[in-house]
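Okay, so here's the structure we're looking at.
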Amino acid sequence: MEKEISIEGYNSNWAKEFEAEKVKLKEILNDKVISIEHIGSTSIKGLGAKPILDIAIGLKDLKTVMEFIEPLEKLGYEFVYHKEFAERRFFRKGEWRAGTHHLHFYEFEGEH
């Protein structure tokens with residue numbers, strides 16, 4: 001589904017949606033995750049944004065992400081490989097150009 005990119009006015013539900021998603025992610029990612037943070041435009045109170053929740057997840061080792069592909073698929077996430085971004089792993093929830101959530105996995109306290 002192709003959807004036109006739009007900026008919406010700030011929505012206080014974005015923070016609530018993040019907290020609910022964080023609980024689900026913690027259940028799957030367990031003790032291998034060091035940090036789960038709401039990032040990007042939707043995380044800034046009062047700022048308009050594309051209605052996509054960006055979530056940064058810090059791990060000791062990015063190789064661990066491969067263990068999460070199947071469990072995250074059950075939550076509706078798709079692993080998207082980007083060879084030009086070797087320092088992160090990316091998942092999208094929702095269809096291309098109509099997604100609702102982006103997960104960005106990084107090495108915790110790494111260079112990136």
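All of the numbers you see were taken from the coordinates with simple rules; none came from a lab. Since the structure is predicted, the reported quantities are computational estimates derived from the model, not experimental observations. Ideal geometry is used to build each Cβ from the backbone, glycine not excepted, and the neighbour counts take in all protein chains shown.
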Point-to-point label distance, N13-K50, nm (Cα→Cβ direction, 7 Å offset) = 2.0
Run the numbers on the chain and let me know its relative contact order in percent, using alpha-carbon pairs under 8 Å that are six or more apart.
-> 28
Of the trypsin sites (Lys or Arg not before Pro) in region 36-112, which ones lie in a loop per DSSP and count no more than 14 other C-beta atoms within 10 Å?
-> K45, K60, K83, R97
So, counting K/R as plus one and D/E as minus one, what does the shell of residues with Cβ under 10 Å around D61 add up to?
-> +2
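Just to be sure I understand: of the beta bridges DSSP finds with both ends in the chain, what percent are antiparallel, rounded to 5? Walk me through the numbers before you get to the answer.
Numbers: 19 of 26 bridges.
Among the beta bridges of the chain, antiparallel pairing accounts for roughly 75 percent.
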Of the GluC sites (Glu not before Pro) in region 1-80, which ones lie in a loop per DSSP and count no more than 12 other C-beta atoms within 10 Å?
-> E2, E4
Ignoring chymotrypsin sites (Phe, Trp or Tyr not before Pro) buried by more than 11 other Cβ within 10 Å or outside DSSP loops, the longest site-free run in the chain is 1-80
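Grab the Cα-Cα distance for E4 and K60, subtract it from 0.36 nm times how many residues apart they are, and report the gain in nm with one decimal. Before the final figure, lay out each step's value.
Values: separation 56, 0.36 × 56 = 20.16 nm, distance 3.68 nm.
Additional length available on full extension: 16.5 nm.
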